[in-house]
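The values are calculated or read from the model by the stated rules, or taken from the named source; none is laboratory data. Just so it is clear, the structure is predicted and the values come from calculations on it, not from any experiment. Every residue, glycine as well, gets a Cβ built from its backbone with ideal geometry; the counts of neighbours run over all protein chains shown. Accessible surface areas use protein heavy atoms only, side chains included; no ligands, DNA or RNA. Shrake-Rupley method; radii C 1.70, N 1.55, O 1.52, S 1.80 Å.
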Amino acid sequence: MLMSPLSVAQYLEATGNVDHLFDVILMDEASQIPVWDAVGSMARAKQVIIVGDPKQLPPTNFFNSATAESVDDGGFETLESILDEAMAAGLPTLSLKWHYRSRFESLIAFSNHSYYDGELVTFPSPITPDTAVSLRYVPGVYDRGGSRTNQAEAQAVADYVYEHYSDPARRNKTLGVVAFSQAQETMIMDLIEAKQMQNPSFVEACEASEQEPLMVRNLEAVQGDERDVILFSVGYGPDAEGRVSMNFGPLNRNGGERRLNVAVSRARYEMIIFSSLRYDPIDLNRTSAIGVKSLKRFLDFAEKGERLNRERQLAMSKDASIE
């Protein structure tokens, strides 16, 4: 049976400690399952296998948040997951290190060396130079005190989506958009829908892939998804007066780096970062948030990724020669 924890609680009888309904319960995406949602399923089986990544999204009350405003400010609670509790209790663990998704090493290189200590099994890119990760600078303004969006950046993303599906040579690759905030996600969707209303064939092209149609998600809702090409809209950046706030919504909270890890590891062939913010203006003296520090490193990597890859490979070869 394939069920959510809520469905288990609603539809399956609680049998007590003697007769179990199942021999084995397998919990997937366990990093996002709160403890109280998990225990009901665990009580119905003789054995439980908990599968998840402690470097990915923790459970939150994000979907219960009242407004997009509070969500984009990181105004929601991060909860403990059944995966965290199982690891803290010292249950036997097995690490899965084979990275299957990315066809180019640069697509997973940042996550591998920032979050997994370089231990993921990856393969050299089939094409040199490996430019699968790139940054497109968009001169834009983040409307910090108003809509909390970056209209120029959202327009650039919507234009790219339209061009992608209008090109027969490109639209065979599936496409996804990841936005840092719920407000930015909504603006991008509105701009894409406006283009669809003007061109019905654009709608058909977006929905042509039944298994993987066009995807637009925010940071909190993208775990588990993947596409051939991922467009990443940062949204945050200088305001109308040129000031850059060190408030990056969910990235400022505990576990912010886990959200970034999920967002930047969704692509199979290419990831393009649309940003009005380069890494230089991010002042780490004004924040202690690990997620913001990770964002600065990631923007640096996206802008100079190929050079950073060469430096990393050189360092690794020196380490090997020393050993």
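Can you work out which of the residues in region 40-57 that are touching a strand residue (DSSP E or B) at 6+ places or on another chain (Cβ under 6 Å) and closer than 29 Å to Asn261 by Cα is surrounded by the fewest Cβ atoms within 10 Å (Cβ to Cβ)?
Among them, the one singled out is Ile49.
Would you be able to tell me the number of residues in region 110-134 that are farther than 12 Å from Ala267 by Cα, in contact with a helix residue (DSSP H, G or I) (Cβ under 9 Å, 6 or more places away or on another chain) and among the hydrophobic types (A, V, I, L, M, F, W, C)?
So the count comes out to 2.
From the list Ala194, Ala205, pick out the single residue that is assigned to a helix (DSSP H, G or I) and modelled with pLDDT of 90 or more.
Ala194
Does Glu323 satisfy being at pLDDT below 85 and out of contact with any Cys (no Cβ under 8 Å at 6 or more places or on another chain)?
Answer is yes for this residue.
When the residues of region 239-274 are filtered to those that are assigned to a loop (DSSP other than H, G, I, E, B) and open to solvent by 30 Å² or more (accessible area, probe 1.4 Å), which remaining residue is modelled with the lowest pLDDT? I'd like the intermediate steps shown before the answer.
Here is the first cut: in region 239-274, the residues assigned to a loop (DSSP other than H, G, I, E, B) are 239-248, 253-255, 264-266.
Next, from what is left, pick out any that are open to solvent by 30 Å² or more (accessible area, probe 1.4 Å): 240-243, 245, 247, 253-254.
On the way: Ala240: 92, Glu241: 92, Gly242: 92, Arg243: 93, Ser245: 92, Asn247: 92, Arg253: 86, Asn254: 83.
Among those that are assigned to a loop (DSSP other than H, G, I, E, B) and open to solvent by 30 Å² or more (accessible area, probe 1.4 Å), it is Asn254.
With under 20 Å from Asn218 (Cβ atoms), modelled with pLDDT under 90 and of a type in the set (D, E, K, R) as the only criterion, which of Arg144, Arg171, Arg136, Arg148 stands out?
Only one candidate qualifies: Arg144.
Would you check which residues across region 208-224 are at pLDDT 85 or above and outside any helix (DSSP H, G or I) and list them?
Glu212, Pro213, Leu214, Met215, Val216, Arg217, Asn218, Val222, Gln223, Gly224
Could you run through region 132-147 and say how many residues are under 20 Å from the mean Cα position of the chain (by Cα) and either part of a loop (DSSP other than H, G, I, E, B) or without any contact (Cβ under 8 Å) to a residue 12 or more places away in the chain (or both)?
1
Scan region 213-238 for residues that are among the acidic types (Asp, Glu), in contact with a Gly (Cβ under 9 Å, 6 or more places away or on another chain) and surrounded by 15 or more Cβ atoms within 10 Å (Cβ to Cβ) and report the count.
Matching residues across region 213-238 total 2.
Pick out the one residue from Asp73, Asp84 that is surrounded by 12 or more Cβ atoms within 10 Å (Cβ to Cβ) and modelled with pLDDT under 90.
Step by step, each of Asp73, Asp84 is checked, and only Asp73 is surrounded by 12 or more Cβ atoms within 10 Å (Cβ to Cβ) and modelled with pLDDT under 90.
Return the residues of region 148-174 that are in contact (Cβ under 8 Å) with a residue 40 or more places away in the chain and open to solvent by 60 Å² or more (accessible area, probe 1.4 Å); say none if nothing qualifies.
Within region 148-174, Tyr162, Lys173 qualify.
Could you tell me whether Ser114 is among the polar types (S, T, N, Q), part of a loop (DSSP other than H, G, I, E, B), surrounded by 12 or more Cβ atoms within 10 Å (Cβ to Cβ) and modelled with pLDDT of 85 or more?
Answer is no for this residue.
I'm checking my understanding of the structure. Among residues of region 99-111 that are assigned to a loop (DSSP other than H, G, I, E, B) and of a type in the set (Ser, Thr, Tyr), which one is nearest to the chain's Cα centre (by Cα)?
Step by step, filter region 99-111, then rank; the result is Ser102.
Can you tell me which of (1) assigned to a loop (DSSP other than H, G, I, E, B); (2) closer than 23 Å to Phe248 by Cα is the one Glu185 doesn't meet?
Tallying (1) assigned to a loop (DSSP other than H, G, I, E, B); (2) closer than 23 Å to Phe248 by Cα, Glu185 fails exactly one: (1).
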